[in-house]
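Right, one structure below, let's go through it.
The values are calculated or read from the model by the stated rules, or taken from the named source; none is laboratory data. As the structure is a computational prediction, the values presented were derived from the model and not from experiment. Methodologically, a virtual Cβ is constructed for each residue, glycine included, from the backbone with ideal geometry; neighbour enumeration extends over all protein chains shown.
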Amino acid sequence: MAWWSWLIVGLTLLSVELIFPSGFFIFFFGVSAMLVGFSLSLFGDFAVWIQLAIWAVGSLTLLAVLRKPLMGRLNFNLGATPGEIVGEFVVIEGEIDPGAIGSGSMRGSSWKVQNTGTAKLISGERVCVQHVEGLTLLVSK
């Protein structure tokens, strides 16, 4: 591939990252493609398989080394931590007996909910999240 082709691929991937944020995954593939393009313009042409190998190794290396520090520096958070969910309210879907597991909705998503209280939970009831274990929300009245 020509050096300018790699620059176009890199700019396209960077644009895709802006349009569809992926948490800085696509970003590093774009940066690596641009680095391959600049390398080709400075040092001449390489075989296509070498270009692809440099791009793949460069992408994965940049991703492994720079993604976490960059996300920390930008205070970028991809999801809620269990501590952020505790205290929020879940709307119960169906009836859940004490100690049983059912489902509920929170933030527009369906969650597995365990009733840790002594009273039966009824459909449509709003209950507070007391604790989170894995993907299960522990709730009670």
**Item:** Options GLY124, GLY102: the member that is modelled with pLDDT of 90 or more, in a loop (DSSP other than H, G, I, E, B) and among the small types (Gly, Ala, Ser)
**Value:** GLY124
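Confirm whether LEU74 is surrounded by 13 or more Cβ atoms within 10 Å (Cβ to Cβ), over 18 Å from VAL132 (Cβ atoms) and within 23 Å of the chain's Cα centre (by Cα).
no
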**Subset of the range 8-21 (residues that are in a loop (DSSP other than H, G, I, E, B) and either basic (Lys, Arg) or surrounded by fewer than 13 Cβ atoms within 10 Å (Cβ to Cβ) (or both))** = PHE20
**Item:** Meets criteria (in contact with a helix residue (DSSP H, G or I) (Cβ under 9 Å, 6 or more places away or on another chain), surrounded by fewer than 15 Cβ atoms within 10 Å (Cβ to Cβ), over 30 Å from LEU138 (Cα atoms) and not acidic (Asp, Glu)) for PHE43
**Value:** no
**Request:** Mind listing just one residue for me: the one in the range 22-47 that is part of a loop (DSSP other than H, G, I, E, B) and within 17 Å of MET71 (Cβ to Cβ) and, of those, modelled with the highest pLDDT?
**Result:** PHE25
